[in-house]
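The values are calculated or read from the model by the stated rules, or taken from the named source; none is laboratory data. Computed from a prediction, not measured in an experiment: that's the story for all the values here. Reconstructed Cβ throughout: ideal geometry from the backbone, glycine too, with neighbour counts over all protein chains shown. Ligands, DNA and RNA are stripped out before the accessible areas are found, and what is left, the full protein with its side chains, is counted by its heavy atoms. Shrake-Rupley method; radii C 1.70, N 1.55, O 1.52, S 1.80 Å.
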Amino acid sequence: MRIEPETDGVSASRNHLVFAYYVTGHGFGHATRVVEVVRHLIMAGHDVHVVTGAPEFVFTSEVQSPRLFLRKVLLDCGAVQADALTVDRLASLEKYSQTAVAPRASILATEVEWLNSIKADLVVSDVVPVACRAAADAGIRSVCVTNFSWDFIYAEYVMAAGHHHRSIVWQIAEDYSHCEFLIRLPGYCPMPAFRDVIDVPLVVRRLHKSRKEVRKELGIEEDVKLAILNFGGQPAGWKLKEEFLPSGWLCLVAAHILQETAFGKNYASDKLSGARRLRDAIILGYQLQRVVGRDICIPDWYSNAESELGLGSGSPSFQMSEQSSLMNSFTEDFEILHGDTQGLPDTLTFLKSLAELDAVYDLGKNSEKRQIRERKAAAGLFNWEEEIFVTRAPGRLDVMGGIADYSGSLVLQMPIREACHVAIQRVHPSKHRLWKHAQARQQAEGHLTPVLQIVSYGSELSNRGPTFDMDLSDFMDGEKPISYEKANKFFAKDPSQKWAAYVAGAILVLMTELGVRFEDGLSILVASTVPEGKGVSSSASIEVATMSAIAASHGLTIKPRDLALLCQKVENHIVGAPCGVMDQMTSACGEANKLLAMVCQPAEVIGLVEIPGHIRFWGVDSGIRHSVGGADYGSVRIGTFMGRKIIKSIASSILSRSLPDATGFNLDELGDDGIELLKAEASLDYLCNLSPHRYEAVYVKMLPEFMLGETFEEKYANHNDPVTVIDPKRNYGVIAPARHPIYENFRVKAFKALLTSATSHEQLTALGELLYQCHYSYSACGLGSDGTDRLVQLVQELQHSKVSQSDEGTLFGAKITGGGSGGTVCVIGRNCLQSSQQILEVQQRYKAATGYLPFIFEGSSPGAGKFGYLKLRRRNSANQN
């Protein structure tokens, strides 16, 4: 809702709203149901502006109010029909192209101007595609109300008659994707362009005559059962025969009756004669209510538009029929005792693979040996008589904030579509299905002990071992858990097994921090679609999913924030990577299609920021492997903490009057406020709490550009960072690493404020400029790379091209993300088809220059906290072993 201050004109308030209601040009049916919605809105005291091609009497005969405003405009055309039941498919596509495609630019400009002129609070569409896009461009929320959408209807037309018009379907779906949610009416068909749906009962126009009066006027006796066939626009060739109806039934083809009435036919006396006495109770057309597993299939070419054109929100990510098939396949094998899959396609795929684990795999001669080993190990991992818990945690796209997180910055992070799934089973040692070598180990020890067994899919992609196992007693040193330092050395012994620290480390952290004791064995299966080494927090997604799974299986209630902090301990102390906490926080606390706003002091979520409908983010992978455990990331972090220590020392020196000449400060002239400010800076907990102007005014001239590790330690003792160690012989950059988080915190605050500002070209330009500034600040710290620089340069070339300039641009900025030194670039642009095409062009140009085809990250999904956990039980488990 957009609320504006009172002016002399119409304005929105909490008591008086302005609705813009767009009605499709397909027949009068949409208009008549809209009438009822409009009537109730006006009765509630609101203004409604109806944009329609229907005659005015359709509305004014039902609603007489000065709050109803009619605007006669046709923005779509529906279906072109040869008669009441026959559609000319090709003519329909060509008509739509003439009506809505050719004049699209002028339509959007006109509608945006009009929406702003009436100060609309909400745009409602039934179900005009371009209305949703116009609303987004105007910065206004939009909702659709319908039981079908034109992308689905036209998809059938394209396949039958006009394949060359298929871009129409993609454009319509992309327009619908700007809608906030769909109010779905009964009798609906698949509508894949809408992500959020609210189902409501049937919406119809009020009755003006009783049932008895209608039957009397039509001459239909009370004992006759009536079916009204009112599906104008369906394919031709129907054979409507009287013998299809059971005895006592009458079918009225409403569209045909209207046509015959126009020709002068008198139905009052002759309505039961001839072919009109039809005997068919079946209403042909779409199902009145879909049944799970019986959805109408969406054409393959429509579903594949995403990969073909690089589309995301404008096209479905999978077929709805496939989704139902996956769900049916899984529910036949497992009973869900707790939780909800939330319809997430990757979750359904994972559950299907879980259900097939005990099947006989024929992986073929071309399968990798490691893949065969993974599958065989996983097939024997679980005891099907016991319950299994499943959790899910996504990766993240660093929109703003990045490495400033460990300096206490505000960060803005988006959970991505790719995620890690973990299945875990807690089993008594006497029932644990152990691998042969684990069995041999226990036999040698002469007693049963809890064992941890892990299988991780995808090992062939990163040259690591696919399995790991250990006795959980190895985590104990007498009555106490072993130290984190000892665990770090334990996992570092074998490079091919080091990955297990991300999973098994969660157990030791729970032992150490929460006092949890593990008396049962654990079997864990890890399957992640978050690519490794691309700077999108593959490690955090594994940690969060694993910690969530262990907590669920042991009945532990851990808040998402607290869980993220525990996961950070896994990465900092057991894995040995000096990362901040934003990765784990986003994976645990994020929500789909929102930016998690968090102040990393240490991890305070201040809210979720809605991504405006006209803005979209992409991640483009450079192909250069990123690692937060790399030397560059660690050295920059050390330089940052050195800078903080030096700044604190300078402030203390000013207060003690030991540096009056060097700073130019006269302590006697500062006053109480100035002295309090210096005291705060002398005890600075987080570098981001120092404002840019104070940094420039007081400290920048006294910070060294570089400093040798041993020189720093001689003068300042230590840098007070618990997760990094200074190398005395290394020369560290100081001024650039110290400057970056101070200015980045300011940039992130500005970015967050701009996201909620009025929609304009200047807004997008400013947002993009902030991304560019962040990127070059990374490079100044030494965290750039040739690949990420090239991607940013490609975005700039497209942004400043003559085509983009004439169209007011589509892409506006890009930056390196996360820990830098490779990985993924975040791109911001308009949420439109042209932007998606330009992202694809960036991808192809990068491939032409480097030989590497970048992976494109787009879309979002819920964090682990929102997903919760699934508790599963195998059906007929007695027959599975």
Exercise for the section: Filter segment 666-688 for residues that are in contact (Cβ under 8 Å) with a residue 24 or more places away in the chain and among the small types (Gly, Ala, Ser) and give the result. Expected result: ALA682, SER683
Practice task
Read through the list (1) at pLDDT 90 or above; (2) open to solvent by less than 20 Å² (accessible area, probe 1.4 Å), then give the number of the only condition that LEU108 fails.
Solution key: (2)
Exercise for the section: Out of the residues in segment 571-591 that are in a loop (DSSP other than H, G, I, E, B) and modelled with pLDDT under 95, state the one that is farthest from the chain's Cα centre (by Cα). Expected result: GLY576
Handout entry: Filter pass, VAL795 being over 22 Å from PRO415 (Cα atoms) and modelled with pLDDT of 95 or more
Key = yes
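Condition check ((1) under 21 Å from GLN98 (Cβ atoms); (2) in contact with a His (Cβ under 6 Å, 6 or more places away or on another chain); (3) open to solvent by 10 Å² or more (accessible area, probe 1.4 Å)) across all residues:
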{"site": "ASP151", "(1), (2), (3)": "yes, no, no"}
{"site": "TYR157", "(1), (2), (3)": "yes, no, yes"}
{"site": "GLN171", "(1), (2), (3)": "yes, no, yes"}
{"site": "CYS179", "(1), (2), (3)": "no, no, yes"}
Handout entry: Entirely in segment 44-140, the strands (runs of 3 or more DSSP E) that have 1 or more residues that are among the β-branched types (Val, Ile, Thr) and closer than 11 Å to ALA20 by Cβ
Key = 47-52, 122-126
Problem - The listed residue being open to solvent by 10 Å² or more (accessible area, probe 1.4 Å) and of a type in the set (S, T, N, Q), out of GLN453, GLN442 - result: GLN442
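Within the group THR759, THR765, which residue is polar (S, T, N, Q), touching a Pro at 6+ places or on another chain (Cβ under 8 Å) and either open to solvent by 50 Å² or more (accessible area, probe 1.4 Å) or closer than 22 Å to PHE617 by Cβ (or both)?
The unique qualifying residue is THR759.
Restricting to segment 592-607, count the residues that are of a type in the set (A, V, I, L, M), surrounded by fewer than 24 Cβ atoms within 10 Å (Cβ to Cβ) and more than 13 Å from the chain's Cα centre (by Cα).
Within segment 592-607, residues that are of a type in the set (A, V, I, L, M), surrounded by fewer than 24 Cβ atoms within 10 Å (Cβ to Cβ) and more than 13 Å from the chain's Cα centre (by Cα) number 5.
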Exercise for the section: Would you be able to say whether some residue in segment 754-774 is free of Cβ contacts under 8 Å to residues at least 40 places away in the same chain and closer than 13 Å to ALA404 by Cβ? Expected result: yes
Exercise for the section: Specify the residue that is nearest to LEU783 (Cα to Cα); the eligible residues are those in segment 740-753 that are touching a residue at least 40 places away in the same chain (Cβ under 8 Å) and of a type in the set (A, V, I, L, M, F, W, C). Expected result: ILE742
Practice task
Restrict the check to segment 543-553 and report whether at least one residue is in a loop (DSSP other than H, G, I, E, B), of a type outside the set (S, T, N, Q), in contact with a His (Cβ under 9 Å, 6 or more places away or on another chain) and open to solvent by 10 Å² or more (accessible area, probe 1.4 Å).
Solution key: no
Practice task
With respect to TRP114, determine if the residue is open to solvent by 10 Å² or more (accessible area, probe 1.4 Å), among the aromatic types (Phe, Trp, Tyr) and at pLDDT 95 or above.
Solution key: yes
Exercise for the section: Give segment 807-851 a look and list any residue that's open to solvent by 50 Å² or more (accessible area, probe 1.4 Å), touching a residue at least 40 places away in the same chain (Cβ under 8 Å) and of a type outside the set (A, V, I, L, M), or say none. Expected result: GLU808, GLN837, GLU841, ARG845, THR850
Practice task
Among the residues of segment 481-523, write down those that are aliphatic (A, V, I, L, M), part of a helix (DSSP H, G or I) and within 26 Å of GLU387 (Cβ to Cβ).
Solution key: ALA500, VAL503, ALA504, ALA506, ILE507, LEU508, VAL509, LEU510, MET511, LEU514
Practice task
Spot the failing condition for GLY859; the list is (1) open to solvent by 10 Å² or more (accessible area, probe 1.4 Å); (2) more than 23 Å from SER539 (Cα to Cα), and only one is missed.
Solution key: (2)
Exercise for the section: Mind telling me which of the residues ALA131, ALA102 ends up being open to solvent by 10 Å² or more (accessible area, probe 1.4 Å) and either over 18 Å from THR52 (Cβ atoms) or touching a strand residue (DSSP E or B) at 6+ places or on another chain (Cβ under 7 Å) (or both)? Expected result: ALA102
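Of the residues that sit in segment 774-806 and are aliphatic (A, V, I, L, M) and either in a loop (DSSP other than H, G, I, E, B) or more than 30 Å from PHE706 (Cα to Cα) (or both), which one is most open to solvent (accessible area, probe 1.4 Å)?
Once the filter is applied, the top-ranked residue is VAL803.
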Completion exercise
With criteria (1) touching a helix residue (DSSP H, G or I) at 6+ places or on another chain (Cβ under 6 Å); (2) without any contact (Cβ under 8 Å) to a residue 60 or more places away in the chain, GLY53 comes up short on (1)
